[in-house]
1. Take the Cα pairs of the range 64-205, get the Kirkwood Rh, then feed it into Stokes-Einstein at 4 °C and 1.567 mPa s and tell me D in µm²/s.
2. Just from the alpha-carbon atoms, what are the Rg and Dmax of the range 161-204 in angstroms?
3. Using packing as a proxy for protection, rank 148-159, 125-136 so that the peptide with the highest average count of other Cβ atoms within 10 Å comes first.
4. With r as the distance between the Cβ atoms of ALA124 and ASP229 and R0 = 35 Å, compute the FRET efficiency 1/(1 + (r/R0)^6) and round to 0.05.
5. What are the principal axis extents of the Cα atoms in the range 137-230, in Å, biggest first?
6. If packing is taken as the average number of other Cβ atoms within 10 Å across a peptide's residues, how do 224-234, 88-98 rank, most packed first?
Amino acid sequence: MKRKHFAVAMLTGGLCLLLIGACKHMIPYPIDNGVPGSSGNVTDSCDPSKIYFQQQILPILVSNCAQSGCHDNGSHREGVVLVSYSSVMQTGGVRAGDPSRSKLYNIIADGSMPPRGYSKLSTAQFNLIYQWIQQGAKDLVCQNMCDSGVYSYSAAIQPLIANKCEGCHNTSNALGGVNLSTYNGVKAEVSSGRLWGSVNGSPGYVQMPQNGSKLSDCELAQIQKWIADGAPNN
């Protein structure tokens, strides 16, 4: 696999806040099974020591990799497709339990990907991928990971946007003129009404993420409460 073609054009698996044009991603649900390393475990109670692929890893990969022209189903650059658990395990060179021998991890770790001109993954995102592979690269799901009672910018909104929006809407790749990599950029979209209109699918707005799973009721509640509170940088 040529590293220069393991292109990662950054946002959403979850949340492409874009009004004109869009990142075309899709997060399939429910989880797929039948692939070595898949446990298919779904739980309502989240263990903070475990990494949940569907909630923590897939949104990062879809946001930053599975874009048209890169690693979605239609483009599959170098045969790599990163839109679901099965496709990640079958084409991403993941060796369960061994990050150092996993192509998916190494090509991010050595700085080759995302390619020049695109924002790199954050340390937190990078560490999540490492831990997920180290824990056996399992297809775990925790349905109650979100807490609607937590809606500060630092604890809920910024991490949500970082994992589900910034791939398409960052300083290097501000599709639609939308940059959500800073608080000021996010606040501008709140003030215009476009943030809520897009994620909520309000009349006159394109539902975001386009072609992907709508944000959960809990995630929408977090955003709504934060906006109602004045969208503070707290």
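Just so you know, all these numbers are worked out from the coordinates, no wet-lab data involved. Keep in mind that what you see is a predicted model, and the values were worked out from it rather than measured. Cβ sites come from the backbone with ideal geometry, for glycine too, and all protein chains shown count toward neighbours.
1. Details: Rh = 16.8 Å.
Estimated via Stokes-Einstein, D reaches 77 µm²/s.
2. Every Cα atom of the range 161-204 included, Rg and Dmax give 10.0, 30 Å.
3. Going from most to least packed, we get 125-136, 148-159.
4. 0.90
5. That gives 36, 32, 27 Å along the principal axes, largest extent first.
6. 88-98, 224-234
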